[in-house]
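Reviewing the structure listed below.
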Amino acid sequence: MYEIYKNFMFSKDLRKLYPWVSAVINDDIETFLIEYDSNQSNDEVIVNPIEIAIAYESDNVFNHLVFDEDFSHYQNYTGLSLLTICLVFEKEHYLSTILDRFDYTEEEKMLMFSHIIDTKDMEYFKTFYGQYPIHARFHKEFLMMSMANQEIFDYLLTLEQYKPIVFENSVIYQILGHYPRHYHYIEDMDDLRLFLDTDVFDQICDFMRFEDFVMAVDFLLARHWEINDYNGFGLALIHVALRNARNASYVEYMIERGANVQLSTTLDYASAHQLLMRDASFTFEVSHLLDFNAQDSEGLTLQDYDAMQRTEGFKIEDAIRTVKCALNMEEEDFYELDIDEFIDFAHLLNIEMFNPYLVVLMFDNERLKEEFIDHNMHEMSLSYFDVDAFNDEMDALPYDASKDLFLNTMFPLPEETLENIQVFAQNTGSKLIVETEGYEINKTAQYRLEVYSNGKLNEKMSIHSNLIDVFFAHHYLKVAVKDIIYAPILSKKQRFLS
């Protein structure tokens, strides 16, 4: 993103935007003061003169702007703060001037340091941290942010104010699941059973290096984890490894350390059933370790569940069976979860679910769209984006900039938002369509809602992933079974058991 931004700032097109741009580039303060209207709405400009002054090191314009305007919370059109803009263009003297001139929040300084940690060396970091330290109440967040840069993380832990923080639970969790090279900092911890009921072992199973996985397993087993313990999800560690391990060697090491691959889950699902969401290559890698003919309490094997996911059309009972197996949870228990709890629980078990990127509002014609925008400004206050904002990046999107809008809203639509859209449809006697982007973008599903002027709603959903999303659509999105189309699109990597 930074390179695109820099290329634009140094392009010939920049000079064509506004009359005052050339004056800033040439550091011609007199011409700039004549041509620039500081009262111009920020909505009307896509670049502020101070950005150009920083990029081209135009001292006269920069000094005038800094001492004439307040840039303490400025963000440009792409969301970059002035602090980050100085870093992008490597103008440290401007950065110091701005930090001394304006009062920045700790959150804004944290974003600046995040960029420094990602892109600069230790001496650079120490120079700015020495002059502009982070307030103590943000030390834990700051320490966790620094973990990706081992040299800076090591340096912070030489400072007395940071040493105790490394033993706080959230920091230990982050180290265990992401940074095995930092394990020596928590080696004095003698009992880590507290983290058995988190997803920390899921993350360990995803370590890129087998050596790191081995070190992590040994580290935990030496601190009161038992190899055949069950976690709070009713899964033994071997089940977690089967669900998440990068390759069979991870599972084999668990067995070498004493894991019982014949263990069933607390709901009596066999180890083989833990491969429900795995691909063909991993299934093949562990095939010599598992009994693929093992049955659950309903007499179903992994192959039976696999067939359910592959068959067009569906039985809602099979979707419920799939959720029960995937979550290792009784049906009456997952009905008690609200939508956010269900999503969070699935996420904890590393189950990917339908989560659209975009919500599109589609009109019959351009006039109706403009009328909606005008109505929205006065009555509704819905946040939206123009379709062109994304079309350059997502060529596959089939939307018409003259007739469609991207809504900046949660999904599923909040009740108030849907009611506002219904009222507009009734008042204008029009039909509106709300839909999420298609399979070509999210590789999962597409939701579509037709809103009619008589108040009627027509919902449809096409799902191409698995039966967990079918259950989610029916139970949580309230889409009727008859309005769900299940047509799985299977890649070559997906498992086929024979």
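The values are calculated or read from the model by the stated rules, or taken from the named source; none is laboratory data. All figures in this text were calculated on a predicted structure; none of them were measured in a lab. We place every Cβ from the backbone using ideal geometry, glycine too, and count neighbours over all the protein chains shown.
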**Complete:** Result of the Cβ filter at 8 Å on region 1-27, keeping first residues that are without any contact (Cβ under 8 Å) to a residue 40 or more places away in the chain and under 13 Å from GLU51 (Cβ atoms) and partners that are among the small types (Gly, Ala, Ser) and part of a helix (DSSP H, G or I), at least 6 apart or interchain, is VAL24/ALA53
**Asked** Can you name every residue in region 152-182 that is assigned by TED's automatic domain parsing to the domain that holds THR127, hydroxyl-bearing (Ser, Thr, Tyr) and buried (at least 16 other Cβ atoms within 10 Å of the Cβ)?
**Response** TYR155, TYR162
**Request:** For region 276-299, indicate whether the set of residues that are in a helix (DSSP H, G or I) and under 23 Å from PHE472 (Cα atoms) is non-empty.
**Result:** no
**Complete:** Checked against (1) modelled with pLDDT under 95; (2) closer than 23 Å to ASP218 by Cβ, VAL240 satisfies every condition except (1)
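Do the conditions hold for ASN376, that is, is it in contact with a Ser or Thr (Cβ under 8 Å, 6 or more places away or on another chain) and either farther than 27 Å from THR444 by Cβ or surrounded by fewer than 16 Cβ atoms within 10 Å (Cβ to Cβ) (or both)?
Details: in contact with a Ser or Thr (Cβ under 8 Å, 6 or more places away or on another chain): no; either farther than 27 Å from THR444 by Cβ or surrounded by fewer than 16 Cβ atoms within 10 Å (Cβ to Cβ) (or both): yes.
Taking the combined requirement at face value, the residue does not satisfy it.
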**Asked** In region 118-126, is there at least one residue being part of a helix (DSSP H, G or I), surrounded by fewer than 16 Cβ atoms within 10 Å (Cβ to Cβ) and hydrophobic (A, V, I, L, M, F, W, C)?
**Response** yes
**Asked** Where residues in region 1-51 are at pLDDT below 85 and of a type in the set (Gly, Ala, Ser), which of them is farthest from LEU80 (Cα to Cα)?
**Response** SER38
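Let's see how each residue does on (1) in a helix (DSSP H, G or I); (2) under 29 Å from PHE62 (Cβ atoms); (3) of a type in the set (Asp, Glu):
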| position | (1), (2), (3) |
| --- | --- |
| LEU95 | yes, yes, no |
| ASP100 | yes, yes, yes |
| ARG137 | yes, no, no |
| MET144 | yes, no, no |
| ALA148 | no, no, no |
| TYR155 | yes, no, no |
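Count, please, the residues in region 55-83 that happen to be within 24 Å of ALA136 (Cβ to Cβ), among the polar types (S, T, N, Q) and surrounded by fewer than 20 Cβ atoms within 10 Å (Cβ to Cβ).
We begin by selecting, within region 55-83, every residue within 24 Å of ALA136 (Cβ to Cβ); these are 72-73, 81, 83.
Next cut, among the polar types (S, T, N, Q) only: 72, 81.
The next check asks that each one be surrounded by fewer than 20 Cβ atoms within 10 Å (Cβ to Cβ); those that pass are 72.
Residues in region 55-83 being within 24 Å of ALA136 (Cβ to Cβ), among the polar types (S, T, N, Q) and surrounded by fewer than 20 Cβ atoms within 10 Å (Cβ to Cβ): 1 in total.
Okay, residues lined up against (1) under 26 Å from the mean Cα position of the chain (by Cα); (2) closer than 29 Å to ASP386 by Cα; (3) of a type outside the set (Phe, Trp, Tyr); (4) part of a helix (DSSP H, G or I):
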| site | (1), (2), (3), (4) |
| --- | --- |
| THR322 | yes, no, yes, yes |
| ALA326 | yes, no, yes, yes |
| GLU332 | no, no, yes, yes |
| ASP340 | yes, yes, yes, yes |
| PHE345 | yes, no, no, yes |
| ASN355 | yes, yes, yes, no |
| LYS369 | no, yes, yes, yes |
**Prompt:** What's the number of the condition ILE339 fails, among (1) buried (at least 18 other Cβ atoms within 10 Å of the Cβ); (2) more than 19 Å from TYR486 (Cα to Cα); (3) of a type in the set (Val, Ile, Thr)?
**Reply:** (1)
**Item:** Only one of ASP121, ASP100 that is over 23 Å from ALA148 (Cα atoms) and acidic (Asp, Glu)
**Value:** ASP100
